[in-house]
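The values are calculated or read from the model by the stated rules, or taken from the named source; none is laboratory data. Note that the structure is predicted; figures quoted are calculated from it, not measured. So basically every Cβ, Gly included, is an ideal-geometry build from the backbone, and we count neighbours across all protein chains shown.
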Amino acid sequence: MSESKLARRVPVVAVVVASVVMAFAPGASANPISESKGFRKAVTVEGIREHQQALQAIADANGGTRAVATPGYDASVDYIVSRAQAAGYQVSLDEFTYVETFEEGSPPVLEEIAPEPQIFVPGTRPAFDGDFVSFTGNGDVTAPVQGVDLVLPPTPEPNGSTSGCEPEDFASFVPGNIALMQRGTCPYVQKAALAQAALASAFIIFNEGQPGRTAVPNNLPLGTEGIHIPSVGTSFGVGVDLNDPGTVARVKTEVLEQLGESVNVIAETPGGDPSRTVVIGAHLDSVPEGPGINDNGSGSGGILEIAEVYAAQERTPRNKLRFMWYGAEEIGLIGSTKYVESLTQDEKDDILAMLNFDMIGSPNFARYVYDGDGTIGPEGPTGSGLIEDVFVEYFDSQGLFNEPTAFDGRSDYGPFIADGIPAGGLFTGAEEPKTAEQVLQYGGIADAQLDPCYHAACDTFAGTGAGPDATAPGLGLVALDQMSDAAAHAVLFFSKTKVDVRNTPN
């Protein structure tokens, strides 16, 4: 990390003038932080919690979940539509068809044939995840295992491995081998597509290896059609074992696919330049296991509150605002992927910036800003660095420590950056454990997950609050307050900026 970037992550006492932003925004306000104060003040935690409570009630009335293809998701869509229409937005439903969550024809198999024959039993962590990597193909493959650009031992910091992220990683890959790839900087779907293009017969994804990233990854779904070779996910230890020279393995999957239909919700301002559209996105669905009040009732409720306040204050945007609530994110970024795929190149070129808000109220939170300029990971598309700067300089102006988080493709910005659209956003953490250093900055519980109820039934309205059932009492509300203010500031800034973000160097 460069000295200048480090300095930007340290809290300051005095209000900082957004110098980087102003350098790129001639004709804008002399103090955009001050200019957004009234807007930020009107975007309240109480307003967001009203939406979260409504989503909790929807889940309670529908089997405890708001997952895609359930009545709970349909009711969530109805709620967003009714609120956005009442606020005066132009609301539409973006319908898409996808391969719905499939059923096993038979349990998956991961077996080492040589040099040390052993069978990894599904569901026995940390050995082998009994679930497929979603949208794997059917197949029964026995072949040599070939590691693809692995980083062993892993880097000290997460997201240090680019295994399987670039075509060059497969330059020496032997067609017909099983590709062994490591979790890291790029989306799983990118790894899968490149492995398939390199004529791998199957692929295995294992965790990266840092503390908290050794068990079977719990976010393996790829969420895209077109992957036809069998695949499974496994732990760091098993991955290292399979990387031994001369290893031959067997991967077997049998998948019974079923098509499903769902929708994204789109709410646009009536005014604003459509050739300079700002997309403000959050996913609306939960996992099947619970109501998803932080993941992602915090982001979807947060942007709904911002949209309602923007309309109530009768603001007129220079640039069109397109608020989006995506479906089927939890099974692999499907809604956002289908949306981006449906756009013409001219329509993609019309997007000035994409702002993503997926989990902004984690109960044991950290303040993460997506790393647009590539300080700790891959650089985002041109303009992503400016988006990062808007958030960072806002936090600095408030004396709030913040940290970069890499574009690892785990949320709905992924399809946008894959098509070269500048993006950024905020994140308060999921399954990774909180470090002692982070406790000094934010408070909270060391070694506990940043969201202790990530992808679990306890991700509830009560669990994200300040009462006795909260998993880190009060901290989720602190996160929601601070992150929604930063989100509101960024939305207002990009609604009126004259700068062409798309052509601003990172």
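Pick out the one residue from Ile421, Ile445, Ile417 that is part of a helix (DSSP H, G or I) and at pLDDT 95 or above. Break it down into steps so the answer makes sense when it comes.
On the way: Ile421 fails: part of a helix (DSSP H, G or I); Ile445 fails: part of a helix (DSSP H, G or I).
Sole residue among the options that is part of a helix (DSSP H, G or I) and at pLDDT 95 or above: Ile417.
Each row is one residue, and each column tells you yes or no for (1) buried (at least 22 other Cβ atoms within 10 Å of the Cβ); (2) in contact with a His (Cβ under 8 Å, 6 or more places away or on another chain); (3) of a type in the set (Val, Ile, Thr); (4) modelled with pLDDT of 95 or more.
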site	(1), (2), (3), (4)
Val133	yes, no, yes, no
Thr136	yes, no, yes, no
Thr142	no, no, yes, yes
Val145	yes, no, yes, yes
Val148	yes, no, yes, yes
Thr155	no, no, yes, no
Glu168	no, no, no, no
Gly176	no, no, no, yes
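Looking only at region 111-131, count every residue that is surrounded by fewer than 19 Cβ atoms within 10 Å (Cβ to Cβ) and at pLDDT below 95 and tell me the total.
The first filter runs over region 111-131 and keeps only residues surrounded by fewer than 19 Cβ atoms within 10 Å (Cβ to Cβ), leaving 111, 113-119, 121-126, 130-131.
With the extra rule that they be at pLDDT below 95, the set shrinks to 111, 116-119, 121-126, 130-131.
Selection size over region 111-131: 13.
Of these, Ser362, Ser298, which one is assigned by TED's automatic domain parsing to the domain that holds Ala406, among the small types (Gly, Ala, Ser), over 23 Å from Glu261 (Cβ atoms) and not in a helix (DSSP H, G or I)? Let's see the steps before the verdict.
Working: Ser298 fails: not in a helix (DSSP H, G or I).
Exactly one of Ser362, Ser298 is assigned by TED's automatic domain parsing to the domain that holds Ala406, among the small types (Gly, Ala, Ser), over 23 Å from Glu261 (Cβ atoms) and not in a helix (DSSP H, G or I), namely Ser362.
How many of the residues making up region 273-294 are part of a loop (DSSP other than H, G, I, E, B) and within 19 Å of Ala423 (Cβ to Cβ)? Spell out the reasoning first.
Keep residues of region 273-294 that are part of a loop (DSSP other than H, G, I, E, B), which gives 284-294.
Cutting the leftovers down to within 19 Å of Ala423 (Cβ to Cβ) gives us 284.
Number satisfying all stated conditions: 1.
Starting from residues that are closer than 24 Å to Ile306 by Cβ and among the acidic types (Asp, Glu), keep the ones in region 331-358 and report whichever is surrounded by the most Cβ atoms within 10 Å (Cβ to Cβ).
Per the stated criteria, the residue is Asp358.
Taking helices (runs of 4 or more DSSP H) that fall entirely within region 1-84, which contain at least 2 residues that are among the small types (Gly, Ala, Ser) and modelled with pLDDT of 95 or more? Show your work before the answer.
Numbers: elements: 3-8, 19-23, 32-35, 37-42, 45-60.
In region 1-84, 37-42, 45-60 are the helices (runs of 4 or more DSSP H) which contain 2 or more residues that are among the small types (Gly, Ala, Ser) and modelled with pLDDT of 95 or more.
Of the residues that make up region 352-370, is at least one of a type in the set (Lys, Arg) and modelled with pLDDT under 95? Working first, answer last.
Our first condition is that a residue be of a type in the set (Lys, Arg); within region 352-370, this holds for 367.
Remaining after also requiring modelled with pLDDT under 95: none.
Checked region 352-370: no residue is of a type in the set (Lys, Arg) and modelled with pLDDT under 95.
Could you tell me whether region 192-213 includes any residue that is over 27 Å from Tyr454 (Cβ atoms), at pLDDT 85 or above, out of contact with any strand residue (DSSP E or B) (no Cβ under 9 Å at 6 or more places or on another chain) and assigned to a loop (DSSP other than H, G, I, E, B)?
The answer is yes; a qualifying residue exists.
Any chance you could count how many residues in region 462-506 are touching a strand residue (DSSP E or B) at 6+ places or on another chain (Cβ under 8 Å) and modelled with pLDDT under 95?
Going residue by residue through region 462-506, those that are touching a strand residue (DSSP E or B) at 6+ places or on another chain (Cβ under 8 Å) are 483, 486-487, 490-491, 494-497, 500-502.
Keeping just the survivors that are modelled with pLDDT under 95 gives none.
Result for region 462-506: 0.
Looking for whichever is in contact with a Ser or Thr (Cβ under 8 Å, 6 or more places away or on another chain) and touching a residue at least 60 places away in the same chain (Cβ under 8 Å) here; the options are Ala488, Ala472. Which one fits? Can you show your working first?
Numbers: Ala472 fails: in contact with a Ser or Thr (Cβ under 8 Å, 6 or more places away or on another chain).
Of the residues listed, the single one that is in contact with a Ser or Thr (Cβ under 8 Å, 6 or more places away or on another chain) and touching a residue at least 60 places away in the same chain (Cβ under 8 Å) is Ala488.
Could you grab me the full set of residues in region 311-347 that are within 18 Å of Asp412 (Cα to Cα) and in a strand (DSSP E or B)? Give the derivation first.
Within region 311-347, the first condition is being within 18 Å of Asp412 (Cα to Cα), and the residues that meet it are 321-343, 347.
Passing the criteria: Leu321, Arg322, Phe323, Met324, Trp325, Tyr326.
Collect the residues in region 308-320 that are touching a helix residue (DSSP H, G or I) at 6+ places or on another chain (Cβ under 9 Å) and either surrounded by 24 or more Cβ atoms within 10 Å (Cβ to Cβ) or among the acidic types (Asp, Glu) (or both), keeping them in residue-number order.
Residues satisfying the conditions are Glu308, Tyr310.
Restricting to region 403-413, name every residue that is more than 19 Å from Asn503 (Cα to Cα) and buried (at least 24 other Cβ atoms within 10 Å of the Cβ).
Kept after step one, since they are more than 19 Å from Asn503 (Cα to Cα), are these residues of region 403-413: 403-412.
Result: Phe407, Ser411, Asp412.
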